[in-house]
Structure formats: structure tokens, C-alpha cells
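The values are calculated or read from the model by the stated rules, or taken from the named source; none is laboratory data. Quantities reported herein were computed from a predicted structural model and do not represent experimental measurements. Note that each Cβ is placed from the backbone with ideal geometry, even for glycine, and that neighbours are counted across all protein chains shown. Quick note on the areas: whole protein, heavy atoms, side chains included, nothing else; ligands and nucleic acids left out. Shrake-Rupley method; radii C 1.70, N 1.55, O 1.52, S 1.80 Å.
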Amino acid sequence: MSLILALIRRDLTLSVRQGGGAGTALGFFLTVVVLLPIGIGPDQALLARIAPGALWISLLLSVLLSAERIFQQDYEDGSLDIMAMGPVPLEMVALAKAVAHWLSTSLPLAISAPILGFLVNLDAAAILPLVLAMTVGSIALSLLASIGAAVTVGLRRGGLLVSLLVLPLYVPVLIFGLSASEPGTAPGLAFAALLILTAITLASLVLCPLAAAAALRAYLR
């Protein structure tokens, strides 16, 4: 466990020192949220109606933008080979990398989304459900992104391929995350959607490290 925590701290430190991933994702998220009201126009009722969906889509695309970096740098400098030969199973390495990506990118975006929601006239009643749903859903987003990053780790400029691989997996997270955070959804249905979103996250927590580790082993052979 101490080795896994050390790996997470290492990735977080590198993310802060090198920048790029989290900053680019946050900049993209802010750009979409700022430009959306300009493109749609001054219809406040329309903006309030589409605000949760717009924020969720912005979150998905922003996470995808930084997904390629989860394993790429470690693969290029040889660190991934050392990790694969170390005492920590590769599945746990993949999990630690996904957790570091969530802490450095997905979680800050999920927290900042309701704060930036005032730009798209987000209903105040939707702030708390949106924070809760995005916090839970963002864990699944980073875990699923790790699969795409592992599959394309040996490819140059594999960002487009990551998007093609991961976007279909993001659809259930988007559907149930949006159902759990929309203010117009009945409380019982919103709670059920949140439970399903939590189940998706827990399933991703178990299955995604296994899939990512299998893809990494295929490249490291």
C-alpha cells in the first residue's frame, strides 16, 4: 500500500511541476462553458434547461483531452518497464495512475463545474446534485480513460484513438449522471440514477485496472 501511495504522490507531483494535462483540461472546460452562452444567445430559460447537460459534456471532453498522458510519459522514459518488473502488480499500478489522474484532473473539473455553472444560468437547486453526481461519475471517467490510454500507450499521437475507444464507454456515465443531477428529475428517479452511477463506478474500479494492465502487458512483451 505504501508503494501505491508513493506512486500516486509521484504522479501528482509531476502533474504540478510539468503542468499541461490538468491546465489544458481546465482551460478547455472553461472555454466551452464561456462560449456556449455566446453561441446559443441570451435565452436564459434555454440556458438553464441545458446547463447540466452542457457541463457534463464539457467534463467528459475535458477528461478525454488529458487521458493520453496517463501512461504515455512513463512508457517513453522507461519508468513503466520498471514498474512492471517491480513488486507491485501491474493492475495496482494502473489503478494508482488512474487515481492520480482523477485527483489531478477529473476531481478539480467536477468541483469547478458547478462554480462555472453560473455562466450557463445553472439552477441553484441543481448545484448539490451536480457536485455529488460529478464527483462519483468522474472516478469512472478516469478509470475508463486509463483503458484507452493503456491500449494506445505505444502509439504516437494516440489521442484521437483514445477518444474513439473511450467515448462509447462514457455514454452510460453521461446518461445516469445527467439523470441524477437534473433539477427536473423526480427525487426517487434521481436517487436511483445516482445508485446506478455509483454501481458503474464500482464496477469500473474492479474491471478497468484489469483491462488496462492486460493492455500494458501486451505492449511490454
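Go through the range 78-136 and tell me which helices (runs of 4 or more DSSP H), entirely inside it, have 1 or more residues that are within 14 Å of A54 (Cα to Cα) and either at pLDDT 80 or above or open to solvent by 20 Å² or more (accessible area, probe 1.4 Å) (or both).
Once the helices (runs of 4 or more DSSP H) in the range 78-136 are filtered for at least 1 residues that are within 14 Å of A54 (Cα to Cα) and either at pLDDT 80 or above or open to solvent by 20 Å² or more (accessible area, probe 1.4 Å) (or both), what remains is 107-116.
Is there a residue being surrounded by 20 or more Cβ atoms within 10 Å (Cβ to Cβ) and of a type outside the set (S, T, Y) anywhere in the range 33-49?
Scanning the range 33-49 turns up at least one residue that is surrounded by 20 or more Cβ atoms within 10 Å (Cβ to Cβ) and of a type outside the set (S, T, Y).
Assess whether L210 counts as being touching an Asp or Glu at 6+ places or on another chain (Cβ under 8 Å), over 15 Å from I57 (Cβ atoms), surrounded by fewer than 21 Cβ atoms within 10 Å (Cβ to Cβ) and of a type outside the set (S, T, Y).
Yes; evaluated as a whole, the condition is true for this residue.
Quick one: is T24 of a type in the set (V, I, T), within 24 Å of L165 (Cβ to Cβ) and over 12 Å from the mean Cα position of the chain (by Cα)?
Spelling it out, T24 is indeed of a type in the set (V, I, T), within 24 Å of L165 (Cβ to Cβ) and over 12 Å from the mean Cα position of the chain (by Cα).
With respect to the numbered conditions (1) at pLDDT 80 or above; (2) out of contact with any His (no Cβ under 7 Å at 6 or more places or on another chain), which one is the sole condition not fulfilled by G154?
Here G154 meets the rest and fails (1).
Can L161 be described as closer than 28 Å to P37 by Cα and more than 13 Å from the chain's Cα centre (by Cα)?
Criteria not met by L161.
Among the residues of the range 60-69, are any buried (at least 22 other Cβ atoms within 10 Å of the Cβ), touching a His at 6+ places or on another chain (Cβ under 7 Å) and outside any helix (DSSP H, G or I)?
No: the range 60-69 contains no residue that is buried (at least 22 other Cβ atoms within 10 Å of the Cβ), touching a His at 6+ places or on another chain (Cβ under 7 Å) and outside any helix (DSSP H, G or I).
What about F191, is it within 22 Å of V33 (Cβ to Cβ), surrounded by fewer than 18 Cβ atoms within 10 Å (Cβ to Cβ) and among the aromatic types (F, W, Y)?
So F191 fails the test.
Report, ordered by the first and then the second residue, all pairs with beta carbons closer than 6 Å, sequence separation of six or more or different chains, a first member in the range 193-218 that is under 13 Å from I147 (Cβ atoms) and touching a residue at least 60 places away in the same chain (Cβ under 8 Å), and a second member that is open to solvent by 10 Å² or more (accessible area, probe 1.4 Å) and among the acidic types (D, E).
Within 6 Å, the pairs are P209/E91; L210/E91; A213/E91.
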